[in-house]
Amino acid sequence: MNQQRALITGGAGFLGSHLCDALLGEGWRVIVVDNLLTGRRSNLAHLRHDSRFELVEKDICEPFDIGHVDYVFHFASPASPVDYTVHGIPTLKVGSLGTFHALDVAHQYGAKYLVSSTSECYGDPLEHPQKETYWGNVNSIGPRSVYDEAKRFSEAVTMAYHRYHKVDTRIARIFNTYGPRMQLNDGRVVPNFMKQALCGEDLTVYGDGSQTRSFCYVSDEIDGFVRLAKSSEHLPVNIGNPNEFTILECAEHVLKVTGSKSKISYEPLPQDDPKQRRPDITKAQQLLGWEPKIDLETGLRMSLDYFRTALAEETAVKR
Ligand code: UDP
């Protein structure tokens, strides 16, 4: 039995909590460090009696030490456009100071390290699909820059610790991921559309809905992280689903899966909203033998019970 200790910063968030389950499933002991700014205790509630799991409520923008660890998974950050707009300065701090502190832990204990980066590093991309070698097209002073630049900086610090301190690092560039445990109100397109469809409200398409995204179901994404974690690749690897949809097509899938009679209404496109996003996953296929298996419609069906329950809980709290 593997009794090595893994640290997950931001492990109470959507992706971090699923990674936590996967690592426990592989026999790791897992310590989650999270300040619960956007993460939620409820994402980890099913683990509260598991002696191999611990949640430490702490802000990693301060230096921290939880004892010896063998692997650091640095996932802490607000990640939805609504969350990182509301929490702009904490987003910049966790991407910068928080990344230094996570890497300091890895350096101190000789631990391996994987950081969750993002397709936002490509900004509003002029190259399509996006390969890891593309340097991106980011507005450094726009409303999304608090997240985009924090993550780009986070990649830079990671590579510096690899080069200067020989830390054994990995960088996962995540594209739009969805599934159970997403916050109903985090503003991202899938929870927004699911909630609106289930409530019989109009689906709010921003702009004309012709912008594209490529949606990866959470279990595929986590499988990609675990494979990357076991690899020795230090340069970034795209982990995402290359099947690309317009936002209007995404709305149609949600209507079909929910059986909703909701209509579509159009709202202004947010500033700097990327026009297209699609990962080139050749590197992950060749290096990790990984590719996603779950298509959008199947993944939405697999998420439906979760969104129904989350909505019922929200409605009960409001009563
Ligand atoms: N979007 C939309 N309606 C919504 C929420 C989002 O049309 O209610 C659009 C948004 O403008 C973007 C895409 O859906 O083009 C994906 O947005 P999301 O916030 O999920 O993630 P992003 O990829 O922009 O970080």
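Among (1) within 14 Å of the ligand (Cβ to nearest atom); (2) surrounded by fewer than 20 Cβ atoms within 10 Å (Cβ to Cβ); (3) over 20 Å from the mean Cα position of the chain (by Cα), which single condition is Leu184 missing?
(3)
One residue is enough: does the stretch 159-168 have a residue meeting the conditions under 19 Å from Val94 (Cβ atoms), more than 11 Å from the ligand (Cβ to nearest atom), assigned to a helix (DSSP H, G or I) and not aromatic (Phe, Trp, Tyr)?
Looking for residues that are under 19 Å from Val94 (Cβ atoms), more than 11 Å from the ligand (Cβ to nearest atom), assigned to a helix (DSSP H, G or I) and not aromatic (Phe, Trp, Tyr), one finds at least one in the stretch 159-168, hence yes.
One residue is enough: does the stretch 225-237 have a residue meeting the conditions of a type in the set (Ser, Thr, Tyr), more than 16 Å from the ligand (Cβ to nearest atom), in contact (Cβ under 8 Å) with a residue 24 or more places away in the chain and closer than 13 Å to Glu291 by Cα?
no
If Pro129 meets every condition in (1) within 16 Å of the ligand (Cβ to nearest atom); (2) in contact (Cβ under 8 Å) with a residue 60 or more places away in the chain; (3) buried (at least 21 other Cβ atoms within 10 Å of the Cβ) apart from one, which number is that one?
(3)
Checking Ile60 against (1) aliphatic (A, V, I, L, M); (2) outside any loop (DSSP other than H, G, I, E, B); (3) closer than 20 Å to Ala6 by Cβ, only one condition comes out false. Which one?
Going through the list (1) aliphatic (A, V, I, L, M); (2) outside any loop (DSSP other than H, G, I, E, B); (3) closer than 20 Å to Ala6 by Cβ, Ile60 breaks only (2).
Quick check, is Thr204 within 16 Å of the ligand (Cβ to nearest atom) and touching a strand residue (DSSP E or B) at 6+ places or on another chain (Cβ under 6 Å)?
So Thr204 fits the description; yes.
Residues that are over 18 Å from the mean Cα position of the chain (by Cα) and within 26 Å of Gly123 (Cα to Cα): list the helices (runs of 4 or more DSSP H) wholly contained in the stretch 196-314 that include at least 1 such residues.
Output list reads 247-258, 282-288.
Let me spell it out: the conditions are (1) in contact with a Ser or Thr (Cβ under 6 Å, 6 or more places away or on another chain); (2) assigned to a loop (DSSP other than H, G, I, E, B); (3) free of Cβ contacts under 8 Å to residues at least 60 places away in the same chain, and Asp65 meets all of them except one. Which number is the exception?
(1)
Readers should treat all values here as calculations from the given coordinates under stated rules, not as data from a laboratory. The structure displayed is predicted, hence computed values, not measured ones. Reconstructed Cβ throughout: ideal geometry from the backbone, glycine too, with neighbour counts over all protein chains shown.
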